Amino acid sequence: MTSFILRRLAVAVPTLLLLIVISFLLMHAAPGGPFTQERELPPAVLANLNAKYGLDEPLWKQMLSYVSGIVKQFDFGPSFIYKDRSVNEIIAQGFPVTLTYGSLSFVFAVVVGVSLGVAAAMRHNTWLDYFAVGVSIGAQVLPNFVMAPILVLIFTLWLHFLPGGGWSGDAAQWKYMVMPVIALSTSFMASIARITRSSMLEVLNSNFIRTARAKGLSSRQIILRHALKPALLPVISYLGPAFVSMITGSVVVDMIFSTGGIGKSFVDSALNRDYAVMLGVTILVGALTIFFNMLVDILYAWIDPKIRL
């Protein structure tokens, strides 16, 4: 198992470095610059700004300095737009908020999705199965940028049950988290429910499940001891990218509910052409993607020893 983990790390580290280099080159290949405005700056002022942030140096030297700062000091550099603020400070302020309700959305989607999928498979071709499939289809056709305004319209404007936004990151203000979590997790919950249902139906029709039933085991014992573990393999392969998608999908949720997460900083940096913040958020999301894909591989290997070979 240790050698398997080391092999995955040996692939993950170069992949992350390649992501940093490609993101840096693509960002600087885009037209315009961080100091490009509707009203052009005087050439002397523009030259001073470029010299201050090292933008007057050759591209290879800028890239080498940037990669070196990340590898040695985990420093993403200063923001080009926000004065006296570094990219690390901007990420440190918004990412914990995004991570909090992203993690809550992930837990909600997994618990509800797996439970709904198992229940539908256990009661195949009954009203419960049809209800679970209907809920999954209905939830999946509503992306978060559609679900979020609907939730605000119903629970804030009509019913006045929940606040429409403005969460400060305080866990005690749980009412502010309800709608962002639901909006972010609904479509993923539907996908998990469908995958769990299909996988569980396949496992329940296997020979070893028939043998367990012939031995007189109860339905609960069959599910928990024999069926659930192999049925969750396809679900686990989906969970890594799903978690990262919830973090990246929080951009829309951040803007609609004004949560103070990292999504707003990313959108503002794109509009203001703040290369440093855009690169920092892109690399962070890329690192999370690589990490959780590696974690999924390790979980796969732990559940199914054949994969280690």
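The values are calculated or read from the model by the stated rules, or taken from the named source; none is laboratory data. Remember, predicted model here, so these are calculated numbers, not experimental data. Quick reminder, even Gly has a Cβ in these numbers, built from the backbone with ideal geometry, and neighbours come from all protein chains shown. The area values use the complete protein model at the heavy-atom level, side chains included, leaving out ligands, DNA and RNA. Shrake-Rupley method; radii C 1.70, N 1.55, O 1.52, S 1.80 Å.
Phe74 sits with roughly 130 Å² accessible to a 1.4 Å probe, with DNA, RNA and ligands left out of the calculation.
Dividing the summed helix terms, -39500 (n - 2.57) for each DSSP H run of n ≥ 4, by the number of residues in the chain produces a 222 nm estimate of -24000 deg cm²/dmol to the nearest 500. In this structure the amide hydrogen of Ser86, modeled in the peptide plane, comes within under 5 Å of the amide hydrogens of Ser79, none closer than 5 places in sequence on its chain.
The gain in end-to-end length when the Val141 to Ser219 segment is fully stretched comes to 24.8 nm, 0.36 nm per residue minus the alpha carbon separation. Computed on protein heavy atoms with a 1.4 Å probe, the accessible areas place Thr156, Thr100, Thr196 in the order Thr100, Thr156, Thr196, largest first. Remark: the chain carries 55 Å² of accessible area per residue (probe radius 1.4 Å; ligands, DNA and RNA excluded). Within the accessible surface of the chain, defined with a 1.4 Å probe on protein heavy atoms only, the carbon and sulfur portion equals 66 percent. Within the straight-line cut-off of under 25 Å between alpha carbons, the lysines reachable from Lys72 are Lys52, Lys61, Lys83, sequence neighbours fewer than 8 places apart in one chain being disregarded.
Rg ratio for segment 207-307: its Cα radius of gyration over 2.2 N^0.38 Å, N being its residue count, equals 1.64. With R₀ fixed at 51 Å, the C-beta to C-beta distance from Leu99 to Ala47 puts the FRET efficiency at about 0.80.
Averaging the Cα positions of each part gives two centres, and for segment 254-299 and segment 141-208 these lie 20 Å apart. When segment 118-212 is described by a simple charge dipole with +1 on each Lys and Arg Cβ and -1 on each Asp and Glu Cβ, the residue from Phe208, Gly164, Ala183 located farthest towards its positive end is Phe208.
Measuring r between the beta carbons of Asp56 and Phe291 and using R0 = 41 Å, the FRET efficiency lands at 0.70.
Legend: calculated FRET efficiency, Leu9 to Ala92, from the Cβ-Cβ distance at R0 = 22 Å, rounded to 0.05, equals 0.30. Taking Cα atoms only, the orientation of helix 262-272 departs from the longest principal axis of the chain by about 40 degrees. Packing order of peptides 137-145, 79-87, highest average first: 79-87, 137-145 (average count of other Cβ atoms within 10 Å over each peptide's residues).
For the chain, the fraction of C-alpha pairs more than 29 angstrom apart is 51%. Taking the longest Cα principal axis of the chain as reference, the axis of helix 233-257 is set at about 50 degrees.
Here, segment 102-225 is characterised by an Rg to Rh ratio of 1.12, where Rg is the alpha-carbon radius of gyration and Rh the Kirkwood radius.
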